[in-house]
2 protein chains.
Amino acid sequence: MPKDSAETKYFTVDCPNRLLFAEIADKWSMMILSVLDTGPHRFNGIKRCLEGVSQKSLTQTLRKLERNGIISRTVRSTSPVAVEYAMTPLGMSLLGPYRAIYTWTCVNLSEVNAARLEYDGRQT
Amino acid sequence: MPKDSAETKYFTVDCPNRLLFAEIADKWSMMILSVLDTGPHRFNGIKRCLEGVSQKSLTQTLRKLERNGIISRTVRSTSPVAVEYAMTPLGMSLLGPYRAIYTWTCVNLSEVNAARLEYDGRQT
DNA sequence: AACAATAGTGCCTAATTGAAACTAAGTCTA
DNA sequence: TAGACTTAGTTTCAATTAGGCACTATTGTT
């Protein structure tokens with residue numbers, strides 16, 4: 001007999017919010033969004049802004065964001081073919097919540113660093 | 001000669017915000033925070049709320065959050081030793097920004113699903 | 001003709017994640 | 001008192017994922 005059979009399972013593996021969260025809150029997605037926040041960019045333009053991205057990871061992340069309707073991908077048939085990535089209205093609506101997290105990291109970075117030093121000191 | 005030598009590198013590999021963001025915005029961290037938002041929990045209590053976490057991943061994520069000063073870890077010397085995890089004030093300050101993201105997923109889930117269907121339809 | 005830039009793709013290895021078993025200390029049951 | 005169960009992890013190994021590097025194809029420049 002379980003002690004607390006009423007314990008709620010908050011996050012099941014198929015929770016849609018959990019799945020969507022995993023798609024929008026990863027490392028590269030958020031950085032791409034803040035680059036596109038300054039205006040439309042081309043593939044290699046984004047790449048130059050994000051030190052350490054491989055073409056493969058960038059392609060994959062851009063595809064994922066495009067599939068979720070957060071950015072748009074427009075091919076321009078110019079000299080060397082240009083592919084322009086831009087924020088969609090849906091993507092723009094995500095910028096507010098994202099900026100809240102970003103601002104939090106700016107405001108609390110020193111407090112986090114203090115906590116880290118304190119923690120590392122405890123682990124003799 | 002580079003065409004645009006003034007192109008800004010927004011995110012370098014050692015950008016502190018980028019590093020901190022990676023520590024707080026991963027899959028399990030955010031789910032753990034929303035569990036602890038409802039009050040202090042013990043190790044296996046959290047585990048039961050998060051379908052699919054392994055002990056290892058949970059331990060690692062809890063340690064990381066503790067090190068960053070976002071949660072506290074208290075050992076109670078009761079019958080089988082009890083370890084209680086709770087939000088710190090710093091952690092609570094992160095809940096607002098997190099809820100903004102969570103709310104966004106709730107509000108825009110249907111629009112994202114529509115975008116996915118449209119995208120998948122285009123890829124005949 | 002050779003070289004650079006465009007936007008990718010493909011292969012292979014390195015790093016991370018997760019599943020399952022194990023540890024250790026104490027409680028409860030038969 | 002042996003056996004099973006709880007607690008909170010750690011360890012080991014396998015699988016998934018991520019990243020580095022080389023390659024394609026097209027156009028423009030020198």
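The values are calculated or read from the model by the stated rules, or taken from the named source; none is laboratory data. These numbers were taken from a predicted model, which means no experiment stands behind them. Virtual Cβ from ideal backbone geometry, glycine too; neighbours counted across all protein chains shown. With ligands, DNA and RNA removed, areas are computed over all heavy atoms of the protein, side chains included. Shrake-Rupley method; radii C 1.70, N 1.55, O 1.52, S 1.80 Å.
Scalar couplings 3J(HN,Hα) for the range A:57-68, obtained by applying the Karplus form with A = 6.51, B = -1.76, C = 1.60 to θ = phi - 60°, are 4, 5, 4, 4, 5, 4, 4, 4, 5, 5, 4, 7 Hz; x denotes Gly and Pro. When residue A:103 is represented by a point 7 angstrom out along its Cα-to-C-beta vector, the spacings to that point in the other copies are 1.3 nm, nearest first. A viscosity of 0.890 mPa s and a temperature of 25 °C, combined with the Kirkwood radius over C-alpha pairs in the Stokes-Einstein formula, give the range B:61-124 a diffusion coefficient of 162 µm²/s.
Charges were assigned to the Cβ only: +1 to each Lys and Arg, -1 to each Asp and Glu. The resulting dipole of the range A:1-110 about its Cα centre is roughly 360 debye. List the pair-distance distribution P(r) of chain A, using every Cα-Cα distance, as the percent of pairs falling in each 5 Å bin from 0 up to the bin containing the longest distance, rounded to whole percents. Each 5 Å bin holds this share of Cα pairs: 2, 9, 15, 16, 14, 12, 11, 9, 6, 4, 2, 1, 0, 0, 0. Residues of the range A:27-51 that lose at least 50 Å² of accessible area (1.4 Å probe, protein heavy atoms only) when the other protein chains are present, relative to their chain alone, are A:31, A:48, A:49, A:51.
With a 10 Å cut-off around each Cβ of A:90-103, the average count of Cβ atoms from other chains is 4. Relative to the Cα centre, the charge distribution of the range B:22-75, modelled as +1 at Lys and Arg Cβ and -1 at Asp and Glu Cβ, gives a dipole magnitude of about 240 debye. Note that the protein assembly as shown presents 54 Å² accessible area per residue, ligands and nucleic acids not counted, probe 1.4 Å.
When chain B is treated as a GNM with alpha-carbon contacts under 10 Å, the residue of B:51, B:66, B:23 showing the greatest mean-square fluctuation is B:51. In a GNM of chain B with a 10 Å cut-off on Cα contacts, which of B:81, B:35, B:53 has the highest mean-square fluctuation? With Cα springs under 10 Å in chain B, the top fluctuation among B:81, B:35, B:53 is at B:81. When nucleic acids and ligands are ignored and a 1.4 Å probe is applied, residue A:11 ends up with an accessible area of around 20 Å². At q = 0.17, 0.18 Å⁻¹ the log10 of I(q)/I(0) for the protein assembly as shown amounts to -1.33, -1.44, computed by Debye summation with a single uniform scatterer per C-alpha, solvent ignored. A dipole drawn for the range A:16-122 from +1 and -1 charges on Cβ atoms has a positive end, and of A:87, A:44, A:32 the residue lying farthest that way is A:44. For the segment B:109-115, counting C-beta atoms of other chains within 10 Å of every residue's C-beta and taking the mean gives 5. The residues packed around residue B:14, meaning those with a beta-carbon under 15 Å from its beta-carbon, carry a net charge of +1 if Lys and Arg are +1 and Asp and Glu are -1.
For chain B, lysine pairs separated by 8 or more sequence positions, or belonging to different chains, with Cα-Cα distances below 23 Å total 6. Backbone geometry of the range B:9-21 corresponds, through the Karplus equation with coefficients 6.51, -1.76 and 1.60 at θ = phi - 60°, to 3J(HN,Hα) couplings of 8, 5, 10, 7, 5, 9, 5, x, 5, 4, 5, 5, 4 Hz, x marking Gly and Pro.
What does the charge add up to near residue B:26, with Lys and Arg as +1, Asp and Glu as -1, over the other residues with Cβ less than 9 Å from its Cβ? Don't skip to the answer; put the middle values down first.
Numbers: positive: A:27, B:27, B:64; negative: A:26, B:23.
That works out to +1.
Each label point was placed 7 Å from the Cα along the Cα-to-Cβ direction; for residue B:9 and residue A:113 their separation is 2.0 nm. Picking from B:26, B:37, B:14, which is most flexible by a Gaussian network model of chain B using Cα springs under 10 Å? Among B:26, B:37, B:14, the largest mean-square fluctuation in the Gaussian network model of chain B belongs to B:14. Among the residues of B:61-69, the average count of other protein chain beta-carbon atoms within 10 Å of the residue beta-carbon is 3.
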